[in-house]
Amino acid sequence: MSGNYQKKLAIVILNWNGKDHLKSFLPSVFTTSYHDYEVYVVDNGSTDDSLQWIRKDFPQVKIIELNENYGFAKGYNLGLQQINAEYFVLLNSDVEVTPGWVEPVIGLMDADPAIAACQPKILQYYNKQYFEYAGAAGGWIDSLGYPFARGRIFDVCEEDYGQYDAVEPVFWASGAAMFVRASAWHELNGLDEYFFAHQEEIDFCWRLQHAGYKVYSCPKSVVYHVGGGTLPKGNKRKVYLNFRNNLIMLAKNLPPVKRALIIFFRMVLDGISALKSLFAGEVTYFKSIIKAHMGFYKWMFSKKDKRYLPVRKQHSVLKGKLRGSVVWQHFILGKTKFQEIVNK
């Protein structure tokens, strides 16, 4: 093992009042056949008794306590600052892992130092033959900034029959189970804390590619995610963060010559979505999108945190990017499968 690390791999679970998930899924982590790892729980100021339960039932877990709920981005940033390992795994508390889930990914990343982030194949916990919404077999993005994945187009999750088992570069790795090279994490200062939650891992992977690193999917590794599927339209906080953060991500990472036009088109499409929801009686969804646009304008005129602005290298080539529109392909042409849209 290179470097002076406590363990080669740190499996890091961010927790906020998640005792039920921890009770269900933490035991699977300790069936991992890989040996050179430690498990950490970074706690975002929980008010339940999840930490007491961990200390009693899993005393081998190292706990990092934060004094409040800092969200996904800052919570992980603060936690990983205190962990010494060659690789991190950002693992959701509602993920069941399989015993051999680590070895294929570590082998892949060890063989190519340019790979800075990698995800396993993510399947649904309650319907294990289908891909899960949050990442499936590796994330892509289209020309307007809409994320999709190998095995998931918007709300449609495909059945897994091995069609996306190839190990290959992707645009983004899912934050539900993302392996990250620690040196690259620290080089890019981790996740953009302004995001709080939602789409911060896509922004991070975009910045990784700008910096000359690769992002991969390794479907030989398999995990099962409960997840939330599609965002409930009544959850105004999630809707707000997703729409706002996607616009911020585009403004940060797009080349200047394309930025204004693409963001204009995105905001028009957002407006159509908002009006459609309003006419359908979904007033909360409508208000959340309008608020997200106001939040984006606020960010535009705020003092930017330079730690999270991309550093572009001339040799960087973006992988996993669709030149066309996944919205057009799916909603107009009726395509529901990744292979129909990304024809290789």
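All of the numbers you see were taken from the coordinates with simple rules; none came from a lab. Everything numeric in this text was worked out from a predicted model, so none of it was measured. Using ideal geometry, Cβ is built from the backbone for each residue, glycine included, and neighbour counts are taken over all protein chains shown.
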In Å, the C-alpha Rg and Dmax of region 263-344 are 17.3, 49
For percent of Cα pairs over 32 Å apart, the listed values are (1) 37; (2) 27; (3) 30; which was obtained by calculation from the structure presented? (2)
Between V42, V311, V226, where does the largest GNM mean-square fluctuation fall for the chain, given springs only between Cα atoms within less than 10 Å? V311
For K306, the lysines lying under 26 Å Cα to Cα, once residues fewer than eight places off in the same chain are dropped, come out as K74, K214, K238, K252, K258, K291, K298, K319, K321
Most exposed first, judged by fewest Cβ atoms within 10 angstrom, C157, C218, C118 run C157, C218, C118
Just how far, in whole angstrom, is region 2-46 from region 251-285 if you go by their alpha carbon centroids? 37
For the Cα atoms of the chain, what angle does the longest principal axis make with the long axis of helix 19-29, in degrees from 0 to 90, nearest 10? 70
Treating only Lys and Arg (+1) and Asp and Glu (-1) as charged, each at its beta carbon, one finds that the chain has a dipole about its Cα centre, in Debye to the nearest 20, of 1420
Could you list V327, V105, V222 so that the one with the fewest beta carbons within 10 Å of its beta carbon is first and the one with the most is last? V327, V222, V105
With each pseudo-label sitting 7 Å past Cα toward Cβ, what's the K236-S302 distance in nm, one decimal? 1.9
Excluding residues fewer than 8 positions from K19 in its own chain, the aspartates and glutamates with Cα under 13 Å of it are D43, D48, D49, D57, D94
Distance (nanometres) between label positions extended 7 Å along Cα→Cβ at Q339 and V156: 1.4
How far, in degrees from 0 to 90, does helix 236-253 lean away from the longest principal axis of the Cα atoms of the chain, to the nearest 10? 80
Calculated FRET efficiency for the pair L278/D36, C-beta based, R₀ 56 Å, to 0.05: 0.55
Tell me, what is a quarter of the convex hull surface for the C-alpha atoms of region 236-304, in nm² with one decimal? 4.4
Could you pull out the chymotrypsin sites (Phe, Trp or Tyr not before Pro) across region 86-152 that fall in loop regions by DSSP (anything but H, G, I, E, B) with no more than 13 other Cβ atoms inside 10 Å? Y126
What is the magnitude of the charge dipole of region 236-304 about its Cα centre, with +1 placed on the Cβ of each Lys and Arg, -1 on the Cβ of each Asp and Glu, and no other charges, expressed in debye to the nearest 20? 340
Would you order K56, K287 from fewest to most other beta-carbon atoms within 10 Å of each residue's own beta-carbon? K56, K287
Could you please report the charge total around Y126, scoring K, R as +1 and D, E as -1 over all other residues with beta-carbon less than 12 angstrom from its beta-carbon? -2
So in region 8-225, what percent of DSSP beta bridges are antiparallel if you round to the nearest 5? 45
As a check on your grasp of the helix formula, calculate [θ] at 222 nm for the chain: sum -39500 (n - 2.57) over DSSP H runs of n ≥ 4, divide by the residue count, round to the nearest 500. -10500 deg cm²/dmol
